[in-house]
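For reference, the structure is listed below as structure tokens.
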Amino acid sequence: MSFTVVEPVAQRLNRSELAVPGSNPKLFPKAAASAADIIFLDLEDAVAPDDKEQARRNIIQALNEVDWRGKTVSVRINGLDTHHMYRDVVDVVEQAGDKLDLIMIPKVGTAADVYALDMLVTQIQTAKRHSNRIGFELIIETALGIMNVDAIAAASKRNESLHFGVADYAASTKARTTGIGGANPDYAVLTDKDVDGNRTVHWGDMWHYPLSRMVVAARAHGLRPIDGPFGDFSDPEGYRSAARRAAVLGCEGKWAIHPNQVALGNEVFSPSEAELAKAKKVLAAMEQATKDGKGAVALDGRLIDIASIRQAEVLVKTAALIEAAN
Ligand code: GLV
Ligand code: MG
């Protein structure tokens, strides 16, 4: 290990994060009753400009009155480049900040964006004598955000998670695609002819670079990396596949832009029985190895060593967190 020890931020389950438009308050109690780990009430892109003020009032009322059943609740404010943002923060935090766990900041481009929000939220929480500390979820969804992702991740002690906003990222980089997440047939490699003259197409993941970049920055600063939306809510297999490839890179969860994606996120980001059994077997084998004075042993025909303990512990700790929440 480096002499610089990275402490993880507050542990929270974040397997599924359900987006709920602030302009549709009928959905709030349904979201509270869902199985989502985190609910984010949206003031940004799911709310039309003319509905912003009513949505803000709806959210303030709901934070104060809806029984959120112990769920983590977040509010996505508008971007720093809009004139809506300051009122989002001032009104929501002043009037309901003591009921709020997280604020989601969209289109973060520089560390100064986070610093500005931290200053504002801190002043309001101090003036209101709130005893809770509101954490930040930061959406990385622009070319500038990816360029500055390390500094952004380090910009505030309120930071808890980085989220990959694939739709705005595509718009920001002028990617030639209109889907929200998922694969694109144009991002592929055509092989040379094999001995029989056949060529095959291998699809790639056009989001691999920004997602990986964000995961590394998040983990280097103790934050949770979370994958963003998958737009086609009638394609559960497509969602599962996108979620699985995010999970193997290190993401802890994925957004649900429709209630039917919540169960999928929870499923993919929960260790399976088989994975858990394997992890426990690794830990038991390494405990015996330590007693025998060995650093590495063979288990089921494969080498495991002290690094395997750290890998297995990730799974076991996640399972414990899920168990505690049930
Ligand atoms: C989310 O905000 C996205 O732009 O994908
Ligand atoms: Mg976005």
Just to confirm my filter: which helices (runs of 4 or more DSSP H) fall fully inside region 12-117 and include at least 2 residues that are within 21 Å of the chain's Cα centre (by Cα), modelled with pLDDT of 95 or more and closer than 29 Å to I146 by Cα?
none
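Listed residues V282, V268, V297; which is buried (at least 18 other Cβ atoms within 10 Å of the Cβ), farther than 30 Å from E141 by Cβ and away from ligand 1 (no atom under 16 Å from the Cβ)?
Values: V268 fails: farther than 30 Å from E141 by Cβ; V297 fails: buried (at least 18 other Cβ atoms within 10 Å of the Cβ).
Residue meeting the stated conditions: V282.
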Check region 138-146 and report whether any residue there is within 16 Å of ligand 2 (Cβ to nearest atom) and surrounded by fewer than 20 Cβ atoms within 10 Å (Cβ to Cβ).
yes
Qualifying residue in region 291-310 (condition: over 26 Å from M1 (Cβ atoms) and under 30 Å from the mean Cα position of the chain (by Cα))
no
Go through T126, T177, T173 for me and flag whichever is surrounded by fewer than 16 Cβ atoms within 10 Å (Cβ to Cβ) and either within 22 Å of W255 (Cα to Cα) or within 16 Å of ligand 1 (Cβ to nearest atom) (or both).
T173
Pairs with Cβ under 6 Å, 6+ apart, first in region 2-24 and farther than 15 Å from G135 by Cα, second acidic (D, E)
R15/D37; S16/D37; A19/D42; P21/D42; G22/D42; S23/D51
Checking H163 against (1) away from ligand 1 (no atom under 16 Å from the Cβ); (2) not in a loop (DSSP other than H, G, I, E, B); (3) not aromatic (F, W, Y), which single condition isn't satisfied?
(1)
Checked pairs for region 234-256, first without any contact (Cβ under 8 Å) to a residue 60 or more places away in the chain and at positive phi, second buried (at least 24 other Cβ atoms within 10 Å of the Cβ) and not in a helix (DSSP H, G or I), C-beta under 8 Å and 6 or more apart or across chains, list as G250/P225
Within region 73-123, the residues that are farther than 13 Å from R158 by Cβ, surrounded by 20 or more Cβ atoms within 10 Å (Cβ to Cβ) and of a type in the set (A, V, I, L, M) are V73, V75, I77, M85, V92
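Which ones in region 128-156 are touching a residue at least 24 places away in the same chain (Cβ under 8 Å) and in a loop (DSSP other than H, G, I, E, B)?
Residues of region 128-156 touching a residue at least 24 places away in the same chain (Cβ under 8 Å): 128, 130-146, 148-156.
Within region 128-156, K128, H130, S131, N132, R133, I134, E141, T142, N148, A154, A155, S156 qualify.
Among what's in region 180-210 and is aliphatic (A, V, I, L, M) and part of a loop (DSSP other than H, G, I, E, B), pick the residue that is surrounded by the fewest Cβ atoms within 10 Å (Cβ to Cβ).
In the first step, residues of region 180-210 are kept if they are aliphatic (A, V, I, L, M); the result is 180, 183, 188-190, 195, 201, 206.
From what's left, part of a loop (DSSP other than H, G, I, E, B): 180, 183, 195, 206.
Values: I180: 17, A183: 18, V195: 5, M206: 18.
Among those residues, the one meeting the criterion is V195.
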In the set R219, R199, the lone residue that is away from ligand 1 (no atom under 16 Å from the Cβ), within 27 Å of V9 (Cα to Cα) and among the basic types (K, R) is R219
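Please find, among V108, V90, V73, V66, the residue that is away from ligand 1 (no atom under 16 Å from the Cβ) and farther than 21 Å from A33 by Cα.
Working: V108 fails: away from ligand 1 (no atom under 16 Å from the Cβ); V73 fails: farther than 21 Å from A33 by Cα; V66 fails: farther than 21 Å from A33 by Cα.
Just a single option satisfies the conditions, and that option is V90.
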Has region 118-127 got at least one residue that is in contact (Cβ under 8 Å) with a residue 40 or more places away in the chain and either within 19 Å of S212 (Cβ to Cβ) or in a helix (DSSP H, G or I) (or both)?
yes
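Look at V20 and say whether it is surrounded by 13 or more Cβ atoms within 10 Å (Cβ to Cβ), in the same structural domain as V93 (by TED's automatic domain parsing) and under 23 Å from M85 (Cβ atoms). Show your work before the answer.
Working: surrounded by 13 or more Cβ atoms within 10 Å (Cβ to Cβ): yes; in the same structural domain as V93 (by TED's automatic domain parsing): yes; under 23 Å from M85 (Cβ atoms): yes.
Yes: the conditions hold for V20.
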Within region 157-170, how many residues turn out to be without any contact (Cβ under 8 Å) to a residue 40 or more places away in the chain and either surrounded by 15 or more Cβ atoms within 10 Å (Cβ to Cβ) or more than 26 Å from L120 (Cβ to Cβ) (or both)?
1
When residues of region 214-240 are limited to those that are part of a helix (DSSP H, G or I) and more than 14 Å from the chain's Cα centre (by Cα), the one nearest to ligand 2 (Cβ to nearest atom):
Y239
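The values are calculated or read from the model by the stated rules, or taken from the named source; none is laboratory data. All values reported here derive from a predicted model rather than from experimental measurement. For neighbour counting, all protein chains shown are included, and Cβ atoms are generated from backbone atoms with ideal geometry for every residue, glycine included.
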